[in-house]
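The values are calculated or read from the model by the stated rules, or taken from the named source; none is laboratory data. These figures come from a predicted structure and were not determined experimentally. So basically every Cβ, Gly included, is an ideal-geometry build from the backbone, and we count neighbours across all protein chains shown. What goes into the accessible areas is simple: the full protein's heavy atoms, side chains included, and nothing from ligands, DNA or RNA. Shrake-Rupley method; radii C 1.70, N 1.55, O 1.52, S 1.80 Å.
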Amino acid sequence: MEMHERLGELLRQSQKTNPRLKGWRFDLHWTDGLDIGVKNNQIGGPYSAPGYKQSISGEIYLVWEDFRFTAAKLEARVVEEFPDYLKLWEKTSYHDPDGVGIFTPASLPEVDLADAEAQAIIDRQVERPFELLSEGIHRLRQSGIRKVDARIKCFHDQRHLMNSDGFHLSYAQTPVEFYFIANDSYGKGYSEKKWPDAGDINRIIRETITVSQQLEEPCSATFSGSMTLILPPEMFETFINQFLIANLYGSLVLNRQSRFVLEDFQEHRPVIRDDLSLTINNLLPYRGSSYICTAEGVPGGTIVLIDGGKLQSPILNLKYAKKAGMNPTPVPPGGSGFFITGRNPFPQWEDVLNTIDRGLIIYSVLGMHTQDASSGHFSLTADQCLYVENGKIRGKTKAVINGDFILALNHRESQLFTVEGEDNPGFVFTANAIST
Amino acid sequence: MNVGGPMKTDKYNSVIDACRGRGKARDMYFIGRIQHRTDVGIHINNGKTEEISTGSLAGMGIQVFTEDGNMGFAASDQVSVEVATTLFDKAAFLAEAGSGYQSETNREVYKLKPLQRRVEVPLKYPYDSMDLAEIEERLVGLNREIGTMDSRLSVRTILRLADEEWRIFRSDGTDVIFNTPRAFIYHSITAKSGQETATTYANISGSDLGVLLDEESQKRLKRRGQKAARLALDLLGAAKFPGGHYKLVIDYALAKGLAHEAFGHAAETDGLDSSILGENGRFRKGMIVSDPRLSIIDGPLEGDYAYQPISAIGTERQTVRIVDHGRLNAGLADIFSAHRAGVEPTGAERVESIFHLPIARMSNIRIEFDDPIPVNQDFETITAKDLYQMLTEAGLMVPGERVLYLTGFQGGQVNPAFGDFVFNCSAIYELSEEPVLYKPAIFSGKILSVLQSVSAALGQLQLDAMGTCGKMGQGVPSCGGSHYFLVIDENPDVMIGGE
């Protein structure tokens, strides 16, 4: 009997012998895989040595009588030492009148998350991540990049969800991530649940080369005051995560720790421009952010959080769905799996670039995690930027930038643009910038 | 915890023997790490328990070195002779596989001298010294105390306790055991009025339940929480300050940020190849970086949130004077990069968990300034108005002079390769008889010039500014501080972001 089955059986038996235990669910991950790094143009070494890692992890949730609940992490010894753990779990249970019981989904979506190629690499083709890194180092160095850092991870994750109502879901997924960073200035990465094809690898390496070469050309521009800022898609996603998504979590909304309150969602208050929408989608095959259901059992899916600029739903787990009187939603894992869409198609980046008189393309900011998400205000150092003048990229500069991102998402003058191969658009808006 | 009694990782002798046997059979050097950790987190939200969560981990990681210095690594959250043997072979296989791709070699570990030590931090308030229900009740009380100050406030309070122990062993006979217990209470306080919000923080950290039980800690946390709550309320409607270069006063938590982001990271020798404090990969020892009264020191302090007496490779962690009276003096050096950097290893290796490889890290980093202006007041009770009085009385500013006081550390970041650092504050005051409050803005600058502008310090050392450092994706506890306040003269390379 496998560990998840034994744990399920132990919990079933406990429920029979301990009438205080009313229900349970767990989400167990059995993970193993490879992790190999590159530092200063060389694979391996003391800080990025090729590594193999295996772990048993996850979470368990127990429902006791009188609205008492247990939330605990699972680990490898939990079956062997089950009586001790059960005692600890009961001892560390807490009273929560708003707590929720066990949820079983009516149906589950189907989504491809396991790639045989990635699995084969972990099992027997260990040379392939080495080869991918070697190819990247070679091509980046050949293009004149002085310093290459990189990392690749390829894992197999066997996930088992069970609950006291008889729900049992087991499935495999194969998360694969890699990135290259050139000259400490610019990096580009891949995060999916399949081994990358040649096109993916080529795109990542090519873009790393192009941007890092542009960042090698200094530019002596000085500026202070209002300025056009251009966020490439990955930077736009970072801003969206920090200042918009972070304010949509139900726990913050209902506890008055978000920019928004529940009434804003109930009344569908407009918060961004009316031609823009924000959607979560966890069902795209092999995407890093895709999954079948959350640890609580809420199915992955597609949900519109902001429709035509108006708030529709917070991101709700079971507890906050109950408190809000709304349906639980899928969640964007690790701040990914969301999509900004427009009523009309966005123009191509090349066409937008031609229209910019004076602006900064921002590839990196320092200090994003220090920003007050609820306020919408940002004050950051943009340490890797390209200065644009008369529609042409002039060279690298640095700036301190300040503004209100939510306000910018409301401005008619702000523009969005499409970049090939990217899920989300880039963003052009006006804020304050001082050259440094 | 019974100091001197058996420790949790004592029981793994057979695992260590198995690794040694494997190392001998395969003629390979190795460093093994066993980690044993239990933790509990209590999360209170607006006077109600949101969650109590528990977790535990017992696992091991093995770093294997071939004779020519190729390395492989394997880790698991299980500890047994069988697992150890499998991990050893996996790590050895990867070390050999890497050699086919010109992987970086490093034989510095062969220079290490064996060490046998046990370091057990005695806990005045062990984790079981209070019933969980009582802990929860006290935390709810602390949370409500802040939340009921004003109806516009909402407060999240988190208590986290981690009971962690490490056993590190090497093929050269090294076998060390040490514990790194830690605890904190953290308030996140949001003030909200209409569409305006402002969030501030207050915390207290240590190694045990003293953060909740010790009277002095409680008094301090209460003052900090109330001060942060008032600040959050005052920030509603506060204006933005114009960006630019100004004379500044920063509090000790921001000074910790300055030491950590601006100097500590750049002085870590594993990144010296591209650090602004390195030249051709060598540490720029002797370079003058500040006023001769200023020193930057990093080292473990017992009872501190970031305490770690032994490194992640089983060597003793040293206290390092990175800057000694204005001169760059020593790097935070791990064994693998110290020689190349031209400095001595200082036992700076730390890891987040057994799944990670050691890298050079800070522990408690502080800025010390000779002859600070004495302050006869607790830090928590000092207002911006008090500070103005202190500065004018000490001749550090004159009435009418534009001086900004930055308070409350909100985290920071650095790019040592380019010498840029930033950190953020909770709020800015323009100092005067009636100080004016402004919204927070990023404080950014160049590593090599900011320290030159530190011209004075006020108050005693306060070294409990806690945080989590996320270098290379590994989160480890960090701490530090300085005197209550540091004065930084206007400098074209130091900027306050703003309107």
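Given a 1.4 Å probe, how much area per residue of chain A is accessible, in Å²? Present the calculation step by step, with values, prior to reporting the outcome.
On the way: 16620 Å² over 436 residues.
Per residue, chain A has an accessible area of 38 Å².
Using per-residue counts of other Cβ atoms within 10 Å, averaged over each peptide, order B:206-213, B:314-321, B:121-128 from highest down.
Output ranking for B:206-213, B:314-321, B:121-128: B:206-213, B:314-321, B:121-128.
In Å, the Kirkwood hydrodynamic radius of chain A over pairs of distinct alpha carbons?
So the Kirkwood estimate lands at 24.0 Å.
Which lysines, on any chain, are close to B:Lys385 with Cα under 28 Å apart, when same-chain ones fewer than 8 places away are left out?
Correct list for B:Lys385: B:Lys192, B:Lys219, B:Lys222, B:Lys227, B:Lys240, B:Lys247, B:Lys256, B:Lys439.
Kindly express, to the nearest 10 degrees and within the range 0 to 90, the angle between helix B:132-147's C-alpha long axis and the longest C-alpha principal axis of chain B.
30 degrees
What residues qualify as long-range amide H neighbours of B:Gly314, i.e. H under 5 Å apart, gap of 5 or more or another chain, H built at 1.01 Å from N?
For B:Gly314, no residues qualify.
Quantify, in whole percent, the carbon and sulfur part of the accessible surface of the range A:3-213 (1.4 Å probe; protein heavy atoms only).
48 percent
Less than 13 Å apart at the alpha-carbon level, and either on another chain or at least 8 residues along: which aspartates and glutamates does that give for B:Lys8?
B:Glu120, B:Asp163, B:Glu164, B:Glu165
Identify the residues of the range A:321-346 with backbone N under 17 Å of a label point that sits 7 angstrom from the Cα of A:Asp274 along the Cα-to-Cβ direction, or state none.
What the label zone holds, given the 17 Å backbone N cut-off, is A:342-344.
At a probe of 1.4 Å, how much accessible area disappears from chains A and B on forming the pair, both sides counted, to the nearest 100 Å²?
Summing both sides, the interface buries roughly 6300 Å².
For chain B, what does the relative contact order come out to in percent, with C-alpha contacts under 8 Å and a separation of six or more?
Computed over chain B, the figure is 15 percent.
Dipole size in debye (nearest 20) for chain A around its Cα centre, Lys and Arg Cβ +1, Asp and Glu Cβ -1?
Approximately 640 debye in magnitude.
Computing the accessible area with a 1.4 Å probe over protein heavy atoms, can you report the carbon and sulfur percentage for the range A:217-436?
Taking all protein chains in place, the range A:217-436 shows 49 percent carbon and sulfur surface.
Using DSSP, restrict attention to beta bridges with both residues in chain A and report what percent are antiparallel, rounded to the nearest 5.
Values: 106 of 112 bridges.
Taking every DSSP beta bridge within chain A, about 95 percent pair in antiparallel fashion.
How much net charge surrounds A:Gly376 when only the other residues with a Cβ under 12 Å from the Cβ of A:Gly376 are counted, with Lys and Arg +1 and Asp and Glu -1?
So the surrounding residues net to -1.
How high is the relative contact order of chain A? Use alpha-carbon pairs under 8 Å, at least six apart in sequence, and give a whole percent.
Reported as a whole number, the value is 15 percent.
Roughly how far apart, in whole Å, are the Cα centres of the range A:228-269 and the range B:385-443?
Result: 29 Å between the Cα centres.
Counting only heavy atoms of protein chains, what accessible area per residue, in Å², does the range B:247-496 have with a probe of 1.4 Å?
Numbers: 7630 Å² over 250 residues.
Per residue, the range B:247-496 has 31 Å² of solvent-accessible surface.
Which of the listed residues, B:Gly225, B:Val109, B:Thr38, is farthest toward the dipole's positive end in the range B:8-235, when Lys, Arg count +1 and Asp, Glu count -1 at the beta-carbon?
Final value for the positive-end residue is B:Gly225.
From the phi of every residue in the range B:298-306, what ³J(HN,Hα) in whole Hz does the Karplus formula 6.51 cos²θ - 1.76 cosθ + 1.60 yield, where θ is phi - 60° and glycine or proline is x?
Here the 3J(HN,Hα) series is 10, x, x, 10, 4, x, 7, 4, 9 Hz.
Under 5 Å between amide H atoms, partner at least 5 residues away or on a different chain: which partners does B:Asn70 have, H built in plane at 1.01 Å?
Those lying under 5 Å, H to H, from B:Asn70 are B:Asn106.
How would you rank B:393-400, A:404-411, B:484-491, highest first, on the average number of other Cβ atoms within 10 Å across their residues?
Output ranking for B:393-400, A:404-411, B:484-491: B:484-491, A:404-411, B:393-400.
Return the long-range amide H neighbours of A:Phe223 (sequence gap of 5 or more, or a different chain), with a cut-off of under 5 Å between placed amide H atoms.
It is A:Ser435, by chain and number.
Taking the Cα centre of the range B:247-496 as the origin and placing charges on Cβ (Lys, Arg +1; Asp, Glu -1), which of B:Ser353, B:Leu272, B:Ile496 is farthest toward the positive end of the dipole?
Of the candidates, B:Leu272 comes out farthest on the positive side.
Which whole number gives the average count of other chain Cβ atoms within 10 Å of the Cβ atoms across peptide B:96-108?
6
How long are the semi-axes of the ellipsoid equivalent to the range A:217-436, from square roots of 5 times the Cα gyration tensor eigenvalues, in whole Å, largest first?
Result for the range A:217-436: semi-axes of 33, 18, 15 Å.
Enter the angle in degrees (range 0 to 90, nearest 10) between the Cα long axis of helix A:82-91 and the first principal axis of the Cα atoms of chain A, meaning the one along which they spread out most.
Long axis of A:82-91 versus the principal axis of chain A: about 80 degrees.
Whole angstrom only: what separates the Cα centroid of the range A:1-56 from the Cα centroid of the range A:148-195?
14 Å
Determine which lysines satisfy two conditions relative to B:Lys90: a Cα distance under 25 Å, and not lying fewer than 8 residues away in the same chain.
Partners within reach: A:Lys39, A:Lys53, A:Lys153, A:Lys193, A:Lys194, B:Lys11, B:Lys24, B:Lys111.
Got a sec? What order do A:Tyr286, B:Tyr201, B:Tyr438, B:Tyr388 fall in by accessible area at 1.4 Å, biggest, i.e. largest, first?
Numbers: A:Tyr286 60, B:Tyr201 85, B:Tyr438 40, B:Tyr388 15 Å².
Order by accessible area, largest first: B:Tyr201, A:Tyr286, B:Tyr438, B:Tyr388.
Mind listing which GluC sites (Glu not before Pro) in the range A:2-31 are in a DSSP loop and have 16 or fewer other Cβ atoms within 10 Å?
Details: sites: A:Glu2, A:Glu5, A:Glu9; in loops: A:Glu2.
Listed in order of number, the matching sites are A:Glu2.
Using only alpha carbon pairs under 8 Å that are at least six residues apart, calculate the relative contact order of the range B:397-441 and give it in whole percent.
On the way: 72 pairs, mean separation 15.7, N = 45.
Taking the mean separation of contacting Cα pairs over the length of the range B:397-441, I get 35 percent.
Which net charge results for the neighbourhood of B:Ala341, defined as the other residues with beta-carbon distances under 15 angstrom from its beta-carbon, given Lys and Arg at +1 and Asp and Glu at -1?
In short, -2.
With θ set to phi - 60°, apply the Karplus curve 6.51 cos²θ - 1.76 cosθ + 1.60 along the range B:382-398 and write out the HN-Hα couplings as whole Hz, x wherever there is a Gly or Pro.
Result, rounded to whole Hz: 7, 9, 4, 5, 4, 4, 4, 4, 4, 5, 5, 5, 8, x, 8, 8, 10.
About its Cα centre, what dipole magnitude does chain B give when the only charges are +1 on Lys and Arg Cβ and -1 on Asp and Glu Cβ, stated in debye to the nearest 20?
I would put it at about 460 debye.
Run the accessible area of the range B:200-287 with a 1.4 Å probe and give the carbon-and-sulfur part as a rounded percent.
Ligands and nucleic acids excluded, carbon and sulfur reach 41 percent.
Taking only the Cα atoms of the protein assembly as shown, how large is their convex hull per residue, in Å³?
Taking only Cα atoms, the protein assembly as shown has a hull volume of 157 Å³ per residue.
Within 10 Å of each Cβ of A:147-156, how many other protein chain Cβ atoms are there on average?
1
Angle, helix B:13-26 long axis vs. longest principal axis of chain B, Cα atoms, 0 to 90°, nearest 10?
60 degrees
Within a 10 angstrom radius of each residue's Cβ in B:184-195, how many Cβ atoms of other chains show up on average? Whole number is fine.
Mean partner shielding for this stretch: 2.
Apply the Karplus parameterisation 6.51 cos²θ - 1.76 cosθ + 1.60, with θ equal to phi minus 60°, to every residue of the range A:352-363 and state each ³J(HN,Hα) to the nearest whole Hz, in sequence, with x for glycine and proline.
6, 3, 4, 8, 8, 6, 8, x, 10, 8, 9, 9
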